[in-house]
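This report refers to the structure that appears directly beneath it.
Rule-based calculations on the coordinates, nothing more; no lab input. Note that the structure is a prediction, hence the values are computed from the model and not measured. Ideal geometry is used to build each Cβ from the backbone, glycine not excepted, and the neighbour counts take in all protein chains shown.
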Amino acid sequence: MIDNQTYSKQDVLKFLGRIGVDTRFISFYEDRIYINNLRFSKFSKKREEIFKNRFPKINVLRSTAFQKIAIKASKSLSHSIGIKDQILIFNGTKRDVLSNIILESYLRKYGINLIHSNFKSYEEFVKLKNSKKTIKFLKDNNINGVVSSISMDEEVDSILSAILSGEGLKSYSNYINFNNNKSLKILYPFINNIDNDSIETICEILKINGKDKNSYKRNELASEFMNFLDNQVHYYKENILKSANFLNGH
């Protein structure tokens with residue numbers, strides 16, 4: 001066992017590869033390894049023992065709850081993320097940190113690059129999207145995507161609130177449009193069957209601290225309607241999302 005060692009991220013990833021771990025299915029974030037998919041990563045207990053002998057101070061997280069979130073996130077990300085994308089990501093809330101952890105594996109899986117900025121949140125970025133400073137930042141970093149941490153619960157709430165307030169059917173957009181006719185695709189790690197309770201639970205398991213307030217406007221009637229459906233109809237949120245996307249597409 002090696003104590004007081006110094007190492008780089010590349011050292012750790014190379015060693016994992018040498019012992020047979022597929023690093024496309026693990027995340028290495030702030031000196032901690034998160035297994036996103038145990039089967040595909042091939043990170044067995046025996047390999048962990050070999051790894052810990054070489055890097056004793058790096059913790060390996062084997063959380064079934066986290067794997068479920070990461071696998072669900074991959075189903076939505078696989079439809080929007082592209083090879084070598086330059087993705088703008090945030091650090092302001094617990095969800096943002098969770099997004100960083102999940103998307104870290106895509107540095108190897110898709111060769112993407114995660115770009116951090118001084119924006120406090122996705123919402124702040126949207127408000128300032130057409131400013132000269134923002135446009136220059138996007139251009140200088142060749143950014144073609146941005147991460148939104150909206151959950152399935154919040155999107156369904158938004159859809160029902162829009163309908164009940166008379167605004168008509170709305171659903172999440174795949175792109176942010178700018179005044180100069182440019183567009184930026186949006187990535188949604190938590191919109192595929194991931195509710196607020198699951199996000200909060202995994203943040204507690206991972207000991208992710210910080211704020212996480214909902215920024216969307218809630219409709220009281222929509223909230224009461226959702227509370228009723230929660231106890232009466234299974235999978236209604238998934239069905240509402242599918243229906244809204246189908247209708248918007250046609």
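A few comments on the model shown:
- The simple spin-label model puts a point 7 Å past each Cα toward its Cβ; for Glu123 and Gln232 those points are separated by 3.0 nm.
- Kirkwood Rh (inverse of mean 1/r, distinct Cα pairs), the range 65-249, angstrom: 17.3
- Bridge orientation summary for the chain: considering DSSP beta bridges with both residues in this region, about 35 percent are antiparallel.
- Rounded tilt (10° steps) of 220-230 against the dominant C-alpha axis of the chain: 60
- Over 24 Å (Cα to Cα) - which of Lys57/Lys207; Lys84/Lys207; Lys14/Lys52; Lys136/Lys185; Lys72/Lys109 fall in this group: Lys84/Lys207
- Over the chain, Cα pairs under 8 Å with separation of 6+ residues give a relative contact order of 19 percent.
- A Förster radius of 51 Å combined with the Cβ-Cβ distance from Leu247 to Asn53 puts the calculated FRET efficiency at roughly 0.35.
- Relative to the current alpha-carbon distance between Ser173 and Lys14, full extension at 0.36 nm per residue lengthens the span by 53.4 nm.
- Checking the cross-link pairs Lys75/Lys129; Lys45/Lys211; Lys182/Lys237 against a 30 Å limit on the alpha carbon distance flags Lys45/Lys211; Lys182/Lys237 as lying beyond it.
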